[in-house]
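S.K.: First the structure, then my questions, so here it is.
The values are calculated or read from the model by the stated rules, or taken from the named source; none is laboratory data. Keep in mind it's a predicted model, so treat the numbers as computed, not measured. Glycine gets a Cβ as well: all are built from the backbone with ideal geometry, and neighbour counts include every protein chain shown. Just so you know, the surface numbers come from the protein's heavy atoms only, side chains and all, with ligands and any DNA or RNA stripped out. Shrake-Rupley method; radii C 1.70, N 1.55, O 1.52, S 1.80 Å.
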Amino acid sequence: MDRKVVIFDHPLIQHKLSILRNKDTRTMDFRALVDEIASLMMFEATRDLPLEDIKVETPCGIADCKQISGRKLAFVPILRAGLGMVDGCIKMVPAARIGHIGLYRDEETLQPVEYYCKLPKDIDRRDVFVVDPMLATGGSAIDAIGQIKKRNPRKIIFMCIIAAPEGLEALQKAHPDVDIFCAGLDSHLNENGYIVPGLGDAGDRIFGTK
Ligand code: PRP
Ligand code: URA
């Protein structure tokens, strides 16, 4: 199957993204919006999950129904900011496992520096959703996905809230087999590697650290 790159145009996502970008949006609301956008993105990101037929006994008869056929999922947030998306994803798939990859961008070189990696033991039998609100140069996502690939997951999907064209291109080039879902695609990166217009520093805005 061809790799997917999806930029969302759904009105609910676009509306929530506008509030999220606003510099005056408070930490409490920012956090809630990241959670809600992640939940909404999950609908599309899980579209290809295979289904199987089942029969369900209702109070009035037998219904021909569908259920997801044994697909095991895992979510891996890139710390810190990726944590903000986890609850929104897990609400849709409560049985999924969660791994963590800790990376920060060196402010001078913009290169990712890894400080933590803990993944589910059976990740080789799971589809893995890597989540991080921001795809800027792409360095963090490329590195995180590289770490996960060493453990041979069945499939990797990357979900972010805002992508820069530079990061999207770099990620597609580095990992051509990974499906990518972005709530919005912005104009460019500035000289400090921040997405323009973007939303600022996602980690600081989620955790209120600035
Ligand atoms: C942010 C963001 C991504 C990364 C994106 O994290 O959450 O992980 O930058 O930039 P890149 O595409 O150029 O690698 P940051 O390094 O600010 O760490 P934090 O989440 O701990 O704040
Ligand atoms: N990380 C962020 O949090 N925001 C950006 O715009 C770029 C990287």
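S.K.: What is the sum of charges, Lys and Arg at +1 and Asp and Glu at -1, for the other residues whose Cβ falls under 13 Å from the Cβ of K121?
M.R.: Local net charge: +4.
S.K.: Mind checking the log10 I(q)/I(0) for the chain at q = 0.09, 0.15 Å⁻¹? Debye, one equal scatterer per Cα, no solvent, two decimals.
M.R.: Values returned for q = 0.09, 0.15 Å⁻¹ are -0.35, -0.92.
S.K.: Please list the radius of gyration and Dmax for segment 1-104, considering alpha-carbon atoms only, with Å as the unit.
M.R.: Reported Rg and Dmax, both Å: 17.3, 56.
S.K.: State the percentage of accessible surface on the chain attributable to carbon and sulfur atoms; use a 1.4 Å probe and exclude ligands, DNA and RNA.
M.R.: C and S fraction of accessible area: 52 percent.
S.K.: Amide H to amide H, which residues 5 or more places from V6 or on other chains are under 5 Å from it, using H placed in the peptide plane?
M.R.: I180, F181, C182
S.K.: Follow-up question, since we're still on this one. Please figure out what share of the DSSP beta bridges in the chain is antiparallel and state it in percent, rounded to the nearest 5.
M.R.: Approximately 40 percent, going by the DSSP bridge assignments.
S.K.: What would the Debye formula give as log10 I(q)/I(0) at q = 0.10, 0.14, 0.22, 0.24 Å⁻¹ for the alpha-carbon point model of segment 101-186, no solvent?
M.R.: -0.23, -0.45, -1.09, -1.26
S.K.: Solvent-accessible area per residue for the chain at a 1.4 Å probe radius, Å²?
M.R.: For the chain, the solvent-accessible area averages 53 Å² per residue.
S.K.: Cβ neighbours within 10 Å, averaged per peptide: list 137-147, 73-83 in order, most packed at the top.
M.R.: Packing order, densest peptide first, comes out as 73-83, 137-147.
S.K.: Report, in debye and to the nearest 20, how large the dipole of the chain comes out about its Cα centre when Lys and Arg carry +1 and Asp and Glu carry -1 on their Cβ.
M.R.: 640
S.K.: Count charges around Q67 for me, please; just the other residues with Cβ under 10 Å from its Cβ, Lys/Arg as +1, Asp/Glu as -1.
M.R.: My count for the surroundings of Q67 gives -1.
S.K.: A further question follows. Take peptides 162-170, 93-101 and line them up by average Cβ neighbours within 10 Å, highest first, as a rough protection proxy.
M.R.: Sorting 162-170, 93-101 by mean packing, highest first, produces 162-170, 93-101.
S.K.: Follow-up question, since we're still on this one. Hey, which of these cross-link pairs are over 22 Å Cα-Cα: K23/K173; K4/K55; K118/K150; K118/K155; K4/K118?
M.R.: K23/K173; K4/K55; K4/K118, as the Cα separations exceed 22 Å there.
S.K.: Counting only residues 5 or more places away or on other chains, whose amide H sits under 5 Å from the amide H of L79 once H atoms are built in the peptide plane?
M.R.: Those qualifying (amide H under 5 Å, at least 5 residues apart or on another chain) are I101, G102, L103.
S.K.: Something else: Please work out the C-alpha center-to-center distance from segment 5-75 to segment 135-210 and express it in whole Å.
M.R.: Computed from Cα coordinates, the inter-centre distance equals 20 Å.
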